[in-house]
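Here the structure is laid out as structure tokens; the discussion comes afterwards.
Any read-out appearing in this document is the output of simple, stated calculations on the displayed coordinates, not a laboratory observation. Since this is a predicted model, take the numbers as computed values, not measurements. Virtual Cβ from ideal backbone geometry, glycine too; neighbours counted across all protein chains shown.
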Amino acid sequence: MPNFAFHIMRTDGRARAGIAATPHGAFHTPAFMPVGTRGTVKAMTPRELRELGAEIVLSNTFHLMLRPGDELIRDLGGLHRFMAWDGPILTDSGGFQVFSLADLSKITEEGVTFRSPIDGAYHFLSPEKAMQVQNNLGPDIMMAFDECIPHDCSPEQVKERTERTLRWILRSRSAHARPTEQWLFGIVQGGTIPELRAWSAQRTTEIEFDGYALGGLAVGESKEAMLGAIEVAEPYLPKDRPRYLMGVGTPEDLIQAIDRGIDMFDCVIPTRNARNGRIYTSRGVLNIKNAAYARDPSPLDPECDCPTCLQYSLAYLRHLFVCNEILAARLHTTHNLHYFLNLLRAGHAAIMEGRWPQFRDDVLQRLRTASSAPDDESQPPASVE
């Protein structure tokens, strides 16, 4: 495909280090995509994201369709120009809103009717409409329209929805109007039922997509069930295509998934936690509201070289946060994104140098033994960042 390529540079076990080329530049894998739901990663400018090492960002089809509108973005030159980000962009299909806005939607074979959370107006999103909106937005990578399946569905419901997703992604592929300009990824569903997850992976990868994603995970199931679903699907995923685990996750989740052959990730955890005062450090997850930091002149993390840690004290950052200053969200987000991006950058280097098992074990041991505030890792899934 012109302007597109994906190359695995080295493997170490099932962990893969690669590079993906797109019309708007390349990104290295394993890759973490900061979430910019409405065309912006909250509290960050594109230049700041670049300086932190972000190579690709994610935006949300559904929310941009509602406001300001995909046709407006198209008429103003596309999403890259609109948000002043010149690197690769991936857009989800809107299928996650089938899950997250279940109380405001009605699903039929044709698609999903939504009641807008903005003004209550009704909108219809189908595989064909999701492709049209994404073609208008102009991302480098777009996702087929799927149905994200709640973890507490019955086996019969999981089967029904998994089969519907397969029909929807086939329709998505047929409706993709710009195949030489945009990659299209298929999505594997199947819940945490091994037979259905394997069936979905097999049938989805029989269709010619440019990459493949695992959806319907990190939606309330246990960590063991999530990892089990990855294990079941991975053997079916083509080795020469990017593999994307949608909506995941915590640092431990990322390491465990990379170890099972996954290349791409997105999650709101680093940015949302930053705004709520939960900060990822080499010593564990730090709660900036803790009164113990009120007079602490230390940085957030003495082992970190991000702009926040190089310039500001815990005492000052706590002061900003308790005063609800906007700068607190910016500085905390800078640090958390640096932590996540640096973790995957280091993982790429470890795979390239043939030391992934040691790196994996060292990171997991540190994460599990580091002190952390209660429930810092327990974040509910969300439709909006």
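Brief remarks on what is shown
- Hey, Ile279 closer than 30 Å to Gly215 by Cβ and either surrounded by fewer than 21 Cβ atoms within 10 Å (Cβ to Cβ) or in contact with a helix residue (DSSP H, G or I) (Cβ under 8 Å, 6 or more places away or on another chain) (or both) or not: yes
- Residue match in region 26-42 (condition: in a helix (DSSP H, G or I) and not polar (S, T, N, Q)): no
- Region 320-333, subset crowded, with 16+ Cβ neighbours inside 10 Å and not small (Gly, Ala, Ser), residue farthest from Ile279 (Cα to Cα): Leu320
- Evaluated against (1) part of a loop (DSSP other than H, G, I, E, B); (2) farther than 27 Å from Ala274 by Cβ; (3) without any contact (Cβ under 8 Å) to a residue 12 or more places away in the chain, Pro68 falls short on exactly one condition, (2).
- Criterion (free of Cβ contacts under 8 Å to residues at least 12 places away in the same chain and in a loop (DSSP other than H, G, I, E, B)) met by exactly one of Gly120, Gly94: Gly120
- Unique match (being free of Cβ contacts under 8 Å to residues at least 12 places away in the same chain and of a type in the set (D, E, K, R)) among Glu181, Glu221, Glu234, Glu206: Glu206
- A Cβ distance below 7 Å, combined with a sequence gap of six or more or placement on separate chains, defines the contacts here; from region 237-249, residues that are more than 13 Å from Ile269 (Cα to Cα) reach residues that are of a type in the set (Ser, Thr, Tyr) and not in a strand (DSSP E or B) in the pairs Leu237/Thr205; Pro238/Thr205.
- Gly216 vs. criteria farther than 20 Å from Phe32 by Cα, of a type in the set (Gly, Ala, Ser), in a loop (DSSP other than H, G, I, E, B) and touching a residue at least 24 places away in the same chain (Cβ under 8 Å): no
- Within region 1-30, being under 19 Å from Phe209 (Cα atoms) and either touching a Cys at 6+ places or on another chain (Cβ under 8 Å) or among the hydroxyl-bearing types (Ser, Thr, Tyr) (or both) holds for Thr22, Thr29.
- The residues of region 180-198 that are surrounded by fewer than 21 Cβ atoms within 10 Å (Cβ to Cβ) and in a helix (DSSP H, G or I), listed by number, are Pro194, Glu195, Ala198.
- Leading residue by the ranking (surrounded by the fewest Cβ atoms within 10 Å (Cβ to Cβ)) among those in region 343-369 that are touching a Gly at 6+ places or on another chain (Cβ under 7 Å) and of a type outside the set (A, V, I, L, M, F, W, C): Pro357
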